[in-house]
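K.L.:
The structure under discussion is supplied below as C-alpha cells; questions concerning it will follow.
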Amino acid sequence: MRTAPAAKSRSIRNRRKASRSASSCRSGSSCFAQIRDFHIAKREEDIGYYAGYVGSSFMFGRALTSVFWGIVADRYGRKPVIIMGTIAVVIFNTLFGLSVNFWMAIAMRFLLGSLNGLLGPIKAYATEIFREEYQALGVSTVSTAWGIGLIIGPALGGYLAQPAEKFPSIFPKESVFGRFPYFLPCLAISVFALVVTIATCWLPETLHKHHKSSKFDAACEDVETAPLMSGTKYKTQKAEGKAPKKSLFRNWPLMSSIIVYCVFSLHDMAYTEIFSLWAVSPRRYGGLSYTTEDVGNVLAISGAGLLIFQTCLYPYFNRLLGPVVVARLNGVLAIPLLSSYPFIAMLTGLSLSIVLNCTSVAKNVLSTSIITSLFLLQNKAVDQDQRGAANGIAMTAMSLFKAAGPAGGGAIFSWAQKRQDAAFLPGNHMVFFILNVVEAIGVLMTFKPFLVERR
C-alpha cells in the first residue's frame, strides 16, 4: 500500500485535476463569450452577472450532496465515490458543452455539482495514503491539482473555444463543433476524465475494515476506564481541542478550520471569476482587452509556477512554520498584491505581459498555499473513520460560500463597470478593494482564540 510519494502524488493530482477543470466553467474568458452567445444579457456590462450564476449552480449542487457523499465514503470506501465523481464529469461536462441556452447550462452545472462528490474523499485519501512525514506533500498535491485545474479549465476554454472560427480547415462550420462552439474544450476535459476513471479502477482503497477484534478490545477498554476519567482530565482534553469522538460539530479545531476555509474559498472563487472577466473586458472599462487565448497563456504560466512551488517548496515551509502561520502569512501578502491590479491595467505591451504573469503566479501560489494549510488542519482534527463525513461537512459549507463567489463576483464586477467616474474607488478599484476586505477577514480569523489546531 505504501508506494512512492511521487507516484501517489501524480495519481491524486490527475483525479483532482479532472474534477477541478470540469468545475471551472472555463471561468470568465470563454464562459463570458458563451453567455454572450446565449443572448440573455441585454447589455455587455451584465454578462458577468449571468456568468456568475452558471458558476454558482455547480457549487450549490455540491453543497446539497457533499455530506451524503462523505458518509458514503466512510461506509463503503473512498474509491467508489471517486469513480462515481469522475463518471459524472464525463457525462455532465459533455452535456454542458452541448447547451443550447442559459437554463440548460445552469441545469448541467447543477447536476454535475450534485453528483460529483469526490473532493472530500480525495482529501481524506491523500491524508491516509501518505505516512505522517509526507502528509503535507499529499495534501499539497490535492490543492495543487485544484489550483492547476482552476487554471487549465479557463486555459482550455481560451484555446479550444470556437474552433470553427479559429481552425476552419480542421473544424468546418457545418460540423458539431461549428454548431456548438464551446463543445470542444468540454469534450477534451471529459475525455481526460474518462481516462482518469479507467485508471482509478486500480486505485488502492485506504478505508480499512479489518482488525475488528482490536477495535472491539479498544472499545471495551474505553468503557472500563471511562468511570476512572476525572473531570479535570476531560476538561484538559477539551481545552487542547480534542472533542469527544463522533461529535464533529462540537470539534472546534475542525469547525474553526472549516469556517476559515470557507472565507478564503469565497475570496478565491470571486477572484477567479473577476480575474478572467477583468482581463477580457474592454480598456474603456478598466480591463485589459485580452482575447481568450491571451487569458489562456497567463493561466498556463500560472499553473506551471504553482506546480513547482507546491510540490517543491510548500512542504518545506509547512515543516518550518506550521500550517497556521503559512496560511496567515500568505493571506497578508495577498492584500497588497491585489491592490496593484487596477494599476496593472494602465500598462501596455511587454511590460503588461511580464507584470501580469508574475502577479498571477504569485496570487495563485499564495491562495493555494492557504487552502493546502487548511486542508491539513481539517484532516488532522478528526480520526480516519470520520474523515469522509468531516470533509463532507467542509465541502457543503465551502460550496455554499463558493456558490456566492461567482455570482457575487460577477455582480460586483458588473456594478463596478457602471461607476467608472465615481469619486471613491472608481471602477475596478472597488472590485479589488472588496476582495481585499474578504481576504483581511480571513487573515484575522487565523488568530487565536478563533482558529485552534488539534494537538
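The values are calculated or read from the model by the stated rules, or taken from the named source; none is laboratory data. As the structure is a prediction and not an experimental result, all values here were calculated from the model. Neighbour counts are summed over all protein chains in view; Cβ atoms, including those assigned to glycine, are modelled from backbone coordinates with ideal geometry. Surface accessibility is based on the protein's heavy atoms, side chains included, excluding ligands, DNA and RNA. Shrake-Rupley method; radii C 1.70, N 1.55, O 1.52, S 1.80 Å.
K.L.:
How about region 86-127: which of its residues are modelled with pLDDT under 90 and charged (D, E, K, R)?
P.N.:
Across region 86-127, the qualifying residue is only 123.
K.L.:
Follow-up. Do we have residue 265 as surrounded by fewer than 16 Cβ atoms within 10 Å (Cβ to Cβ), under 23 Å from the mean Cα position of the chain (by Cα) and in contact (Cβ under 8 Å) with a residue 60 or more places away in the chain here?
P.N.:
On the way: surrounded by fewer than 16 Cβ atoms within 10 Å (Cβ to Cβ): no; under 23 Å from the mean Cα position of the chain (by Cα): yes; in contact (Cβ under 8 Å) with a residue 60 or more places away in the chain: yes.
The answer is no for residue 265.
K.L.:
Another question, then. Within region 351-358, can one find any residue that is among the hydrophobic types (A, V, I, L, M, F, W, C) and open to solvent by less than 10 Å² (accessible area, probe 1.4 Å)?
P.N.:
Residues of region 351-358 among the hydrophobic types (A, V, I, L, M, F, W, C): 352, 354-356, 358.
Pick out the ones that are also open to solvent by less than 10 Å² (accessible area, probe 1.4 Å) and you get 352, 356.
Yes, there is a match, as at least one residue in region 351-358 is among the hydrophobic types (A, V, I, L, M, F, W, C) and open to solvent by less than 10 Å² (accessible area, probe 1.4 Å).
K.L.:
Next question, about the same structure. Quick one: in region 43-78, which of the residues that are within 19 Å of residue 120 (Cα to Cα) and of a type in the set (Gly, Ala, Ser) is modelled with the lowest pLDDT?
P.N.:
As a first pass, look at region 43-78 and keep what is within 19 Å of residue 120 (Cα to Cα): 56-78.
Okay, now just the ones that are also of a type in the set (Gly, Ala, Ser), so 56-57, 61, 63, 66, 70, 73, 77.
Working: 56: 78, 57: 86, 61: 88, 63: 84, 66: 87, 70: 87, 73: 88, 77: 88.
Within region 43-78, the match that is modelled with the lowest pLDDT is 56.
K.L.:
Kindly indicate the residue of region 268-290 that is surrounded by 24 or more Cβ atoms within 10 Å (Cβ to Cβ) and among the charged types (D, E, K, R) and also nearest to residue 453 (Cα to Cα) among those meeting that condition.
P.N.:
Step by step, filter region 268-290, then rank; the result is 268.
K.L.:
Of the residues 203, 184, which is touching a residue at least 12 places away in the same chain (Cβ under 8 Å), open to solvent by 10 Å² or more (accessible area, probe 1.4 Å) and outside any helix (DSSP H, G or I)? Reasoning before the result, please.
P.N.:
Working: 184 fails: outside any helix (DSSP H, G or I).
Residue meeting the stated conditions: 203.
K.L.:
A further question on this structure: Select from region 381-434 the residues that are of a type in the set (Val, Ile, Thr) and within 17 Å of residue 52 (Cα to Cα) and list them in ascending order. Walk me through it before giving the result.
P.N.:
Kept after step one, since they are of a type in the set (Val, Ile, Thr), are these residues of region 381-434: 382, 393, 396, 412, 431, 434.
Passing the criteria: 412, 431, 434.
K.L.:
Of everything in region 423-452, what is out of contact with any Phe, Trp or Tyr (no Cβ under 9 Å at 6 or more places or on another chain) and either of a type in the set (Lys, Arg) or open to solvent by 80 Å² or more (accessible area, probe 1.4 Å) (or both)? Give them in sequence order.
P.N.:
Selection gives 423, 424, 433, 441, 447, 448, 449.
K.L.:
Here's a follow-up. Go through region 434-455 and give me each residue that's closer than 11 Å to residue 335 by Cβ and free of Cβ contacts under 8 Å to residues at least 40 places away in the same chain.
P.N.:
Once the filter is applied, which keeps residues that are closer than 11 Å to residue 335 by Cβ and free of Cβ contacts under 8 Å to residues at least 40 places away in the same chain, region 434-455 yields only 437.
K.L.:
Quick one: in region 409-421, of everything that is open to solvent by less than 30 Å² (accessible area, probe 1.4 Å) and among the small types (Gly, Ala, Ser), which residue is nearest to residue 370 (Cα to Cα)?
P.N.:
Narrowing region 409-421 to residues open to solvent by less than 30 Å² (accessible area, probe 1.4 Å): 409-410, 413-414, 416-417.
Next, from what is left, pick out any that are among the small types (Gly, Ala, Ser): 409-410, 414, 416.
Details: 409: 20, 410: 23, 414: 28, 416: 28 Å.
This residue is 409.
K.L.:
Regarding region 389-398, can at least one residue be identified that is under 20 Å from the mean Cα position of the chain (by Cα), surrounded by 24 or more Cβ atoms within 10 Å (Cβ to Cβ) and of a type in the set (Val, Ile, Thr)?
P.N.:
Within region 389-398 (the criterion being under 20 Å from the mean Cα position of the chain (by Cα), surrounded by 24 or more Cβ atoms within 10 Å (Cβ to Cβ) and of a type in the set (Val, Ile, Thr)), the answer is no, since none of the residues qualifies.
K.L.:
Taking the stated definitions as given, is residue 327 in a helix (DSSP H, G or I) and modelled with pLDDT under 80?
P.N.:
The answer is no for residue 327.
K.L.:
For region 163-181, which residues satisfy the criterion of being buried (at least 16 other Cβ atoms within 10 Å of the Cβ) and in a helix (DSSP H, G or I)? Step through it out loud before you land on a result.
P.N.:
From region 163-181, those buried (at least 16 other Cβ atoms within 10 Å of the Cβ) are 163-164, 171, 177-178, 180-181; that's our starting set.
Of everything in region 163-181, those that are buried (at least 16 other Cβ atoms within 10 Å of the Cβ) and in a helix (DSSP H, G or I) turn out to be 163, 164, 177, 178.
K.L.:
Among the residues of region 291-337, what is the count of those that are closer than 16 Å to residue 442 by Cα and touching a residue at least 40 places away in the same chain (Cβ under 8 Å)?
P.N.:
Of the residues in that region, 10 qualify.
K.L.:
Among the candidates 260, 295, single out the residue that is modelled with pLDDT under 85 and either part of a helix (DSSP H, G or I) or of a type outside the set (Lys, Arg) (or both). First the steps, then the outcome.
P.N.:
On the way: 260 fails: modelled with pLDDT under 85.
Checking each option against the conditions leaves just 295.
K.L.:
Given the condition over 22 Å from residue 428 (Cβ atoms), of a type outside the set (Lys, Arg) and open to solvent by less than 10 Å² (accessible area, probe 1.4 Å), answer yes or no: does some residue in region 327-335 qualify?
P.N.:
yes
K.L.:
Of everything in region 368-395 that's part of a helix (DSSP H, G or I) and small (Gly, Ala, Ser), which residue is nearest to residue 266 (Cα to Cα)? Give the steps one after another, and end with the answer.
P.N.:
First, the residues of region 368-395 that are part of a helix (DSSP H, G or I): 368-380, 384-395.
Now narrow it down to the ones that are small (Gly, Ala, Ser): 369, 373, 388-390, 392, 394.
Numbers: 369: 15, 373: 16, 388: 22, 389: 21, 390: 19, 392: 17, 394: 13 Å.
Selected residue: 394.
K.L.:
If you check residue 340 against the conditions, is it more than 30 Å from residue 72 (Cα to Cα), open to solvent by 20 Å² or more (accessible area, probe 1.4 Å) and in contact (Cβ under 8 Å) with a residue 12 or more places away in the chain?
P.N.:
Working: more than 30 Å from residue 72 (Cα to Cα): yes; open to solvent by 20 Å² or more (accessible area, probe 1.4 Å): yes; in contact (Cβ under 8 Å) with a residue 12 or more places away in the chain: yes.
Yes, satisfied.
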